[in-house]
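Participant: Quick one: this structure, given as structure tokens, is what I'll be asking you about.
The values are calculated or read from the model by the stated rules, or taken from the named source; none is laboratory data. None of these values were measured; they are calculated from a predicted model. Cβ coordinates were reconstructed from backbone atoms using ideal geometry, including for glycine residues, and neighbour counts include every protein chain displayed. Heavy atoms of the whole protein, side chains included, go into the accessibility calculation; ligands, DNA and RNA do not. Shrake-Rupley method; radii C 1.70, N 1.55, O 1.52, S 1.80 Å.
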Amino acid sequence: MALINCPECGKQISSSAKQCVHCGCAFTVCPECGSVFVGSVDICPSCGYSSGKPEQSQSAGQTQKSESFFSAESAPSESATAIVEDPLRVWQKSSPVDGFMMKSFKWLKILIRILSGVFFAIGAVFFILWIQKSSLEQVSEAEQMVTLLRCMIGLICVFEIIDVLFDPVHDGFIKLRCGNWIYRKKLDAVTYLKQHCGETGFGEDIANFDLFSEATFLSSDKGSRTNVIAGLIVRFVCTVALFIFIGYAVMQNLAMAMVVIMFEVEFQFQFIMLIPTGIIAVIYFVSTIALDTVYYKKYTAWFNQNVTKRNLFA
């Protein structure tokens, strides 16, 4: 009996065990070369040793793949760990929070938009009911109506901020988290990208290939990680400021509309809040375009140098 390192948690365990006593990870040890694999493996990806179990039939044009995901040397090594199977699937299993974010973010977006629509409908119904009341009732309930509209507009702005930020924050978060995971596990992700570049599918979606390739790039480029974080901060600050001023502009014009309805005066459009809104919008688009251009130029150069020639802007 020999001691080996668990391929998942790295702690020492017996080579005769079937799973790690520390983290519960099931593994297989190749009796020929001593490599350790997560899961059950019939053919060793490192040396080609076969356990004698019948191979599963493969469709035409496909290569034989192992049931395990990653291979790791039993002895500590500075060399990268070879990736055998879909890395995103393993990453999602190893981090339930990241897996949940990957799978359910579309439904969360739909829920946020539904809630925004519900609050909009509530505000519109109460406003219409207020319009249909007599002048005296309108004046007496004007203050309550303004308070209600402020609450509805505030909630709608909050949901719209989340909706606008959801995609960039989600994508940036996933790429940074996956890149950190690749770095910690010392995975040979570049070789895997070379082997699978040009395939019509990668995991569940071809977009996952781009996500994993960007995560691999971020795992090796600290400056680009800073660029992504800076982009997320700029988007967050500008989006919040943008919707605060939009909310104030909408509220000012609704208040003006209420005055017109109650006292039958001429409507005067309130545009003062639209000036800072336009300035913030320009800052937002200029800064994000500049940050994204720098990031994707570096990513394109890295991809063309390390994986394959490809026009990422096409």
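Participant: Before we move on, is M258 at pLDDT below 95 and crowded, with 16+ Cβ neighbours inside 10 Å?
Facilitator: Details: at pLDDT below 95: yes; crowded, with 16+ Cβ neighbours inside 10 Å: yes.
When the stated conditions are applied, M258 passes them.
Participant: Being surrounded by 14 or more Cβ atoms within 10 Å (Cβ to Cβ) and more than 30 Å from S213 (Cβ to Cβ) is true for just one of G123, G179, G172. Which residue is that? Show your work before the answer.
Facilitator: Working: G179 fails: more than 30 Å from S213 (Cβ to Cβ); G172 fails: more than 30 Å from S213 (Cβ to Cβ).
G123 is the lone residue from the list that is surrounded by 14 or more Cβ atoms within 10 Å (Cβ to Cβ) and more than 30 Å from S213 (Cβ to Cβ).
Participant: Open to solvent by less than 40 Å² (accessible area, probe 1.4 Å) and not β-branched (V, I, T): which single residue out of F243, F263 fits that description?
Facilitator: Details: F263 fails: open to solvent by less than 40 Å² (accessible area, probe 1.4 Å).
None of the others qualify; the one that does is F243.
Here's the yes/no breakdown for (1) of a type in the set (A, V, I, L, M, F, W, C); (2) modelled with pLDDT of 50 or more:
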{"position": "V21", "(1), (2)": "yes, yes"}
{"position": "C25", "(1), (2)": "yes, yes"}
{"position": "Y49", "(1), (2)": "no, yes"}
{"position": "A60", "(1), (2)": "yes, no"}
{"position": "S71", "(1), (2)": "no, no"}
{"position": "K103", "(1), (2)": "no, yes"}
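Participant: A follow-up question, please. Inspect region 210-224 for any residue being open to solvent by 60 Å² or more (accessible area, probe 1.4 Å) and at pLDDT 90 or above and give the result as yes or no.
Facilitator: Initially, region 210-224 is screened for residues open to solvent by 60 Å² or more (accessible area, probe 1.4 Å), giving 220, 222.
From what's left, at pLDDT 90 or above: none.
No: region 210-224 contains no residue that is open to solvent by 60 Å² or more (accessible area, probe 1.4 Å) and at pLDDT 90 or above.
Participant: Where in region 133-250 are there helices (runs of 4 or more DSSP H), lying fully within it, with 3 or more residues that are free of Cβ contacts under 8 Å to residues at least 12 places away in the same chain? Quick ask: steps written out before the conclusion?
Facilitator: Numbers: elements: 135-140, 142-185, 189-196, 207-220.
Output list reads 135-140, 142-185.
Participant: May I pose another question? Would you call V146 open to solvent by less than 40 Å² (accessible area, probe 1.4 Å) and at pLDDT 90 or above? Quick ask: steps written out before the conclusion?
Facilitator: On the way: open to solvent by less than 40 Å² (accessible area, probe 1.4 Å): yes; at pLDDT 90 or above: yes.
Here the answer is yes, as V146 does meet what is asked.
Participant: When the residues of region 304-314 are narrowed to those that are open to solvent by less than 90 Å² (accessible area, probe 1.4 Å) and either in contact with an Asp or Glu (Cβ under 9 Å, 6 or more places away or on another chain) or not in a helix (DSSP H, G or I) (or both), which ends up modelled with the lowest pLDDT?
Facilitator: My answer is L312.
Participant: When both residues are 6+ apart or on different chains and their Cβ atoms are under 8 Å apart, which pairs have a first residue that lies in region 270-291 and is surrounded by 13 or more Cβ atoms within 10 Å (Cβ to Cβ), and a second that is of a type in the set (D, E, K, R)?
Facilitator: Every condition considered, the pairs that remain are Y284/R235; T288/R235.
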